[in-house]
Each structure stands twice: as structure tokens, then as C-alpha cells.
Amino acid sequence: MLNRRSLLASSGAAVSLLLGALAQPAIADDATLRVASVTGPSHHHNVALRWFAERVKDRGVGLNIEVLDGAQLGGERDYIEGMMLGSIQMAQVSTAPVSAFVPEFDLFSLPYLIRDTDHFKKVVSGPVGRKFGELIEERGIKILAWFDNGYRNVFNKVRPVVTPEDMKGLKIRVMESPLMVKTLNAMGASATPMSYSELYTSLEQGVLDGGENAAGNVLNDKFYEVSGYFSMTQHFRPPGIVAIGKNAWDRLSAEQQKVLTEEAAALQDYEIQLTQEVGQDAVEKLIAKGMKVNDANVSAFRDRMGPVYKDFTDKHGDDLLAQVQNTK
């Protein structure tokens with residue numbers, strides 16, 4: 001019969017073996033990775049993710065991707081926390097909520113930062129993109145691909161916006177990013193941070209006057225039903241990322257990691273091209289839906305952004321900002 005000391009020793013050994021087994025990567029022959037997304041099934045981000053899933057499956061390394069769209073697993077902040085904790089495997093998120101965990105990501109929320117699509121590609125694929133990959137990996141998240149969200153513009157139910165004076169008194173929803181709040185306030189609006197899922201109802205009930213987003217999102221989520229004006233302020237172009245928690249990544253075989261990396265590079269190129277096509281088509285469809293689309297005086301808005309940039313550089317310095325601005 002085992003005495004108490006022997007029993008404790010045996011139990012301790014068993015626990016050690018169990019913990020050791022859990023610490024080892026679980027290489028599965030038929031692994032499924034679930035990727036969370038807040039947008040609806042028809043959104044082009046999810047179209048791109050399903051395209052990616054098919055390509056990964058066809059590589060024949062026993063790796064399957066399942067897209068859980070429509071905020072089935074909560075909001076983007078939930079996804080980021082979940083990937084760090086290991087409760088969520090993969091997610092597609094905007095960079096703005098990432099800044100709550102990695103403050104340097106605020107850089108991508110700066111207004112009028114990205115000049116055009118070519119500039120965007122070179123920034124995220126070059127030294128700047130790699131640096132941000134290192135920063136977020138320190139928090140337990142690995143970037144697989146960068147997504148282009150396109151330019152964000154102001155839409156509202158009150159009047160067309162051409163100059164900062166037209167923004168006066170408008171309550172405009174922004175993402176829950178202090179820098180974005182400061183930007184919309186600098187543009188002349190009364191910025192209101194709010195979850196994206198609450199925006200439609202808030203517009204419908206008159207709690208807000210408008211929001212700001214890319215044309216594709218305004219079309220896809222039917223904001224034309226509760227707002228009549230879409231003004232091309234082009235104030236933000238924050239990227240998104242497709243990321244995987246390190247807990248999930250480390251449980252894949254080397255071959256599965258290789259395939260995921262290669263297909264994610266193809267996904268990035270595909271999504272950037274798709275964003276351009278969707279954006280152009282969406283503006284035409286918004287007009288057909290009855291929205292009044294107008295150009296804005298972008299220079300007048302850009303000229304108000306000095307304090308926003310100063311606030312950023314006071315907190316983070318100007319090295320990363322300079323790298324983006326000097327990317328040719």
C-alpha cells in the first residue's frame with residue numbers, strides 16, 4: 001500500500017507528465033483553425049478569407065480554415081484578447097483596437113497618413129510592417145497578412161460635408177480609439193466612440209447623426225437606409241490584419257506553418273486588389289440606393305491635423321512615422 005508521501009509523489013509526477021504533454025505542440029493530421037470576423041458573410045473580407053480557406057485546404061497538409069463571421073465570437077477587442085489567451089485561434093481585426101494592447105499601432109490611425117494603394121503596399125510589406133509584426137508577436141499574436149480597408153469617409157443624415165464648418169454639431173461615430181476621436185473632433189465633428197454593432201440602431205433612433213467608414217462597409221451594412229449623405233473626406237486608411245494566436249501557431253507542424261505563411265501572402269495580395277474593386281463599385285451602388293455622394297475639401301481637413309500628429313509624436317516619438325512618410 002502506498003503511504004501518503006508516496007501517493008503525493010505519484011500524483012505530482014502525474015501532474016508533471018500531464019503539464020509536459022500539454023506544453024508540447026499538438027501536431028494534428030486534420031487540424032481546423034477558426035478565424036473570427038465582425039463583418040457579415042457577404043463582406044469582401046470574408047469572401048477573401050473563404051478564398052484563403054479553400055487554398056489552404058487544397059494544399060493537402062491536413063489544415064482546414066473555418067470562417068466565423070458576423071461577430072459570432074464577439075467584437076474585435078474580444079478577438080485580440082482571445083488570441084493572446086489562447087481561447088481564440090485566429091481573427092481578422094482592424095489595427096485601431098490593437099493599439100489598446102500595443103500602443104504603437106496608433107500610428108495607423110493617423111489621418112491622411114497613407115498616400116495611395118502603392119504606398120500602402122510598400123508600408124505593410126516593408127520594414128514598417130515587419131516591425132509591427134515583431135511588436136505584436138511579443139504579446140502572443142502573429143500577423144499572417146495585412147488587409148486594406150480602403151479610405152474611410154464621413155456619412156450622415158443631416159447634410160453634405162465639404163469643409164470643416166459643415167461638420168459642426170454633427171455627432172459622428174468613430175472606433176474606440178482616442179486618436180480617432182481626436183481626429184474627428186479636429187475635423188469639426190462631435191466624435192462619439194461606439195461599438196460598430198450599435199451604429200445602425202443609433203442612427204435609426206437619432207442618437208447619432210452619422211459615422212465614418214469605407215464605402216463598401218456603408219453599402220454592405222446598409223447604412224444608406226439611415227443616412228443620406230456620403231462625403232469623400234478620405235481621412236483614415238487604417239489597415240487590418242489577419243492574425244493567429246501563438247498558442248495555435250505553435251501547435252501546427254512545420255509544413256502546416258509553411259503553407260499557412262505562403263497562402264497568407266497570396267491572401268494579402270488578393271484582398272488589397274479586391275478592396276479597390278469593391279470600393280469603386282460600392283460608391284456607384286450607394287448612389288443607386290439614393291445616397292448623395294460628394295467630394296470634400298481634403299486639404300482643408302488635412303490642415304487641421306497638426307495637433308493630432310503632435311499628440312502622437314509626443315507619446316511615441318517620430319521614428320516610425322518618419323519611416324512611413326519616407327516610404328516611396
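The values are calculated or read from the model by the stated rules, or taken from the named source; none is laboratory data. This structure is a prediction, so every number in the text was calculated from the model and none was measured. Cβ sites come from the backbone with ideal geometry, for glycine too, and all protein chains shown count toward neighbours. Note: areas computed on protein heavy atoms with side chains; ligands, DNA, RNA excluded. Shrake-Rupley method; radii C 1.70, N 1.55, O 1.52, S 1.80 Å.
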Rounded to whole Å, √(5λ) for the Cα gyration tensor eigenvalues of region 195-328, largest first, gives 32, 24, 17
Surrounding charge for L208, neighbours by C-beta under 12 angstrom, Lys/Arg +1, Asp/Glu -1, total -1
So K289 and S253, fully extended at 0.36 nm per residue minus their Cα-Cα distance, gain in nm 8.1 nm
Straight-line reach check, K157, cutoff 19 Å on alpha carbons, 8 or more apart in-chain or any other chain, hits among lysines -> K168, K171, K222, K285, K289, K292
If every Lys and Arg gets +1 and every Asp and Glu gets -1 at its Cβ, then about the Cα centre the chain yields a dipole, in debye to the nearest 20, of 440
Once both label points are put 7 Å beyond Cα along the C-beta direction, the R77-A266 separation in nm becomes 3.7
Taking 0.36 nm per residue of separation between S195 and T163 and subtracting their Cα-Cα distance, the length gained on full extension comes to 8.9 nm
At the level of C-alpha centres, the distance separating region 79-104 and region 231-303, in angstrom, is 17
To the nearest 20 debye, region 222-276 has a Cα-centred charge dipole, built from +1 on Lys and Arg Cβ and -1 on Asp and Glu Cβ, of 220
Rounded to whole Å, √(5λ) for the Cα gyration tensor eigenvalues of region 80-203, largest first, gives 29, 18, 12
For K121, counting only aspartates and glutamates whose alpha-carbon sits under 20 Å away and dropping same-chain residues fewer than eight positions off, the answer is E104, D106, E134, D148, E262, E263, D269, E271, E277, D319
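Under the √(5λ) rule applied to the eigenvalues of the Cα gyration tensor, what semi-axes describe the equivalent ellipsoid of the chain? Give them in Å, descending. Provide the component values of the computation, followed by the final result.
On the way: eigenvalues 328, 91, 80 Å².
Taking √(5λ) for each eigenvalue gives 40, 21, 20 Å, largest first.
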Note: T32 to E204 extended length (0.36 nm per residue) minus current alpha-carbon separation gives 58.0 nm
Here Rg/Rh (Cα, Kirkwood) for region 166-222 equals 0.95
With the 8 Å Cα cutoff and a minimum separation of six or more residues, the chain has a relative contact order in percent of 24
Dividing the helical contributions, -39500 (n - 2.57) per DSSP H run of n ≥ 4, by the residues of the chain yields a 222 nm value, nearest 500 deg cm²/dmol, of -14000 deg cm²/dmol
Computed for region 114-222: size of charge dipole around the Cα centre, +1 on C-beta of each Lys and Arg, -1 on C-beta of each Asp and Glu, debye to nearest 20, value 160
In nm, the gap between the two label points placed 7 Å beyond Cα toward Cβ at S42 and L85 is 3.4
Measure of exposure for I114: accessible area at 1.4 Å probe, Å² rounded to 10, is 20
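With all protein chains present, how much of the accessible area of the chain (probe radius 1.4 Å) comes from carbon and sulfur, to the nearest whole percent?
Carbon-and-sulfur percentage of accessible area, whole number: 51.
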Result for the chain: accessible area per residue, probe 1.4 angstrom, in square angstrom, of 46
